[in-house]
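The next block holds one structure in the form of C-alpha cells; read it before the comments.
Every read-out reported here was derived from the displayed coordinates using simple, explicitly stated rules and does not represent laboratory data. It should be emphasised that the depicted structure is a prediction, and the values quoted were computed from it without experimental measurement. For neighbour counting, all protein chains shown are included, and Cβ atoms are generated from backbone atoms with ideal geometry for every residue, glycine included.
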Amino acid sequence: MSLLDNNKSPIPLSLLDLQESSDLLYVLSSIAELDGPILERTLSIQLFGNSERLEDLRPAVLSVLCTHSPTALLYGDNDWAVLQAHNIYRPAKYVPLTGPFSLQFKGTQLGETAQLHLELHLPSISLPDNALPLSERVFLSSFNCY
C-alpha cells in the first residue's frame, strides 16, 4: 500500500497503462476462480474475445503467480508448470513417429495397460508430447522421429 500512497504502482501493474493493469487484474481474478483446467487461448477468448490477449499478458501473470503463489518454487523456471498449477494449459504439441516400435502405457485402473505397435512401412503416427513420458516401456527396432 505504501507504493500506492506514493503514487507508484506495484510491479507489474502500471499507472501509465491502466488498460493493461485492468486486464491483468481481470485475468488474475479469473484464474483464482477457475475450478478446472482450461486452455490458455480458450480463457483468453472467454475473457477478452481475443485468443492472443492472455498470451500477451502471460509474463505479467507469471510474475504475479511466481511472486505470490506458495508453490511457485516447486516449479523452478518451468513457466507452464506454474500455469498448470493454476489450471491454465497449453495445447499439446505432437511428435510424429514411424515404426517399428511398441509403447506400453499404464492405464488409470489397477493393472490396466494399453499398447501401441507400429510396424515398419506402415503410416506414421503423431502423439501428444505429454503422452510420451507416460509410457512405461518402449520397445524399439529403430526409432524415427521427424
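Taking 7 Å steps out from each Cα toward its Cβ at L39 and S63 produces label points 2.8 nm apart.
Using a ≥ b ≥ c from the Cα gyration tensor of region 71-110 (square roots of the eigenvalues), is it rounded, prolate or oblate, where a/c under 1.5 gives rounded and otherwise the larger of a/b and b/c decides, a/b for prolate? Prolate is the answer for region 71-110, as a/c is 1.5 or above and a/b outweighs b/c. In the frame of its principal axes, region 2-89 has Cα extents of 38, 32, 20 Å, reported largest first. Legend: calculated FRET efficiency, S29 to A92, from the Cβ-Cβ distance at R0 = 30 Å, rounded to 0.05, equals 0.65.
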